[in-house]
Amino acid sequence: MATHVDLIRWQDEPAPAPWWFLPLAFLGAAYVAAVTLRLLAYLTLCLHQRRPNNDLRRRYGAWAVVTGPTSGIGRAMALELARQGLNLVLVDLDTTNLQEISDTIRSRHGGVETKTVVFDLSLVSTDQGDKPLRRLREAVDGLDVGVLVNNAGVAWPGSVYLHEVEVEAWVRMMRVNLWAVTVVTAAVLPGMVARRRGAIVNIGSASSEAIPSFPLFTIYAATKRYVAQFSRGLHVEYAGKGIHVQCQVPFFVATRMVENLAEARRLSPFTATPGAYARAAVGWIGRGRASGTSCCEVTAAVLPGMVERGRGGAVVNLGSAASEAIPSFPLYTMYASTKRYVAQFSRSLHVEYANKGIHVQCQTPFFVETTMLAKLEEEVGLSVSPLKVSKDTYAHAAVAWIGRGGPLCTPGGLLHQLMWCITAAVPESVLDWIVLRFTTWNRGR
């Protein structure tokens, strides 16, 4: 009888959990906690944004610089900033349109001063762009510039494959969307650093952040992904100097760019007016977080032949874990931003050309035994030998991935895969803090 009772009791006892259950449960709980914390942080920001606007003039400075202020979002942002009492430096390529928006601002807001700078941003980094860049620097020199809005951008050519358009058209888009943001920011930042206050708003796009790819608008989405990474890196670098950098990523706003889409009418229920967007965007200022050309040119030179032969092909672009596995790489912001551009460029091309038998992927290695890594180890005085793989080992794995991995992959064996999983599990704010401490420590050595 006792034996029978013991048998029943033994059968009722739950079986012991396998050895792998607790580690997986821990990882799952950590992931849920990280997502919950991000959601709570976002809800807090949304509730905070509903409070009355901060006095931007008192908090940051008396002047704001706005690029592309003659239409769409830029015009609405300029008018909203003027409504809040900020004087404006307006930067655009058209003299007549600049004069019109300047007169409109002064007529609506009598106490607001304006300056205009004629600057065709598609000429940035060319001989013709040097003179207008000097004019911009002279215009802001001595002004208490507290806010910069990098709004100017172009989305056309669009709805086309990369090989269907002359490379110069893509380079022009990159100059406006990518280089101009960098150059104008570099022109304004020194004054903000000297005054230890300021806010920089870079207008990105949900086409590069909310969706994984934007085929047939590949260069546009890739430049906007650069802007997002550029903004995040600067945010981490300059927060300690009193400068807030953010990338705002609107969805549909009633601008000429959106109106040119064939499905614009169907999108109208989801489209905000420029004025409504600008009021919300200005309300977010200070409250939210925030070598591409050769890659495009070489790919554009090779793709037409692959398409014509009809036998398929493979394009491999080398990215970096510095832009994909970690949220920012402060003090290496430009490097990480260009690599983020490469990743987005590759992903959209992967979607565009898959049905033509062409496989495009961006490989994002961690530590590989190269001259670049050796120089970094020498500067830092630390070795990452346990974490790095040899060039031959990486090349063997990388070639094996060609045509097999997705648009974004990390060859390098189990070690690199494990490093990717670890960084994915750590909250972004913690990674920002760790990397910033490391890069600033290395700078001070």
Practice problem: Report those helices (runs of 4 or more DSSP H) wholly inside the stretch 337-445 carrying at least 2 residues which are charged (D, E, K, R) and modelled with pLDDT of 80 or more. | Solution: 428-444
Quiz item: Restricted to the stretch 86-100, and to residues that are under 20 Å from V188 (Cα atoms) and of a type outside the set (A, V, I, L, M), which residue is surrounded by the fewest Cβ atoms within 10 Å (Cβ to Cβ)?
Solution: N87
Exercise. Can you confirm whether the stretch 240-251 contains a residue that is surrounded by 20 or more Cβ atoms within 10 Å (Cβ to Cβ) and either farther than 30 Å from T271 by Cα or over 19 Å from the mean Cα position of the chain (by Cα) (or both)?
Key: yes
Quiz item: Which pairs do you get when a residue that is closer than 19 Å to L123 by Cβ, found in the stretch 94-109, comes within reach of a residue that is of a type outside the set (S, T, N, Q), reach meaning Cβ atoms under 6 angstrom, with the pair 6+ apart or on two chains?
Solution: T95/V118; L98/L90; L98/D92
Quiz item: Which of the residues that make up the stretch 101-115 are in contact with a Ser or Thr (Cβ under 7 Å, 6 or more places away or on another chain) and either surrounded by fewer than 19 Cβ atoms within 10 Å (Cβ to Cβ) or of a type in the set (D, E, K, R) (or both)?
Solution: R106
Quiz item: assigned by TED's automatic domain parsing to the domain that holds L90, in a helix (DSSP H, G or I) and hydrophobic (A, V, I, L, M, F, W, C), is that true of V176?
Solution: yes
Exercise. Name the single residue, out of those in the stretch 146-170 being β-branched (V, I, T) and at pLDDT 90 or above, that is nearest to D92 (Cα to Cα).
Key: V149
Quiz item: In this structure, does G198 turn out to be buried (at least 24 other Cβ atoms within 10 Å of the Cβ), at pLDDT 90 or above and farther than 22 Å from M173 by Cβ?
Solution: yes
Practice problem: Take the residues in the stretch 409-423 that are aliphatic (A, V, I, L, M) and under 24 Å from the mean Cα position of the chain (by Cα), then tell me which one is farthest from E369 (Cα to Cα). | Solution: I422
Quiz item: Of the residues that make up the stretch 129-145, is at least one modelled with pLDDT of 90 or more, of a type in the set (G, A, S), surrounded by 20 or more Cβ atoms within 10 Å (Cβ to Cβ) and outside any loop (DSSP other than H, G, I, E, B)?
Solution: yes
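The values are calculated or read from the model by the stated rules, or taken from the named source; none is laboratory data. Quick caveat: nothing in here was measured; it's all calculated off a predicted structure. Counting neighbours? That spans all protein chains shown, and the Cβs are built from the backbone with ideal geometry, glycine included.
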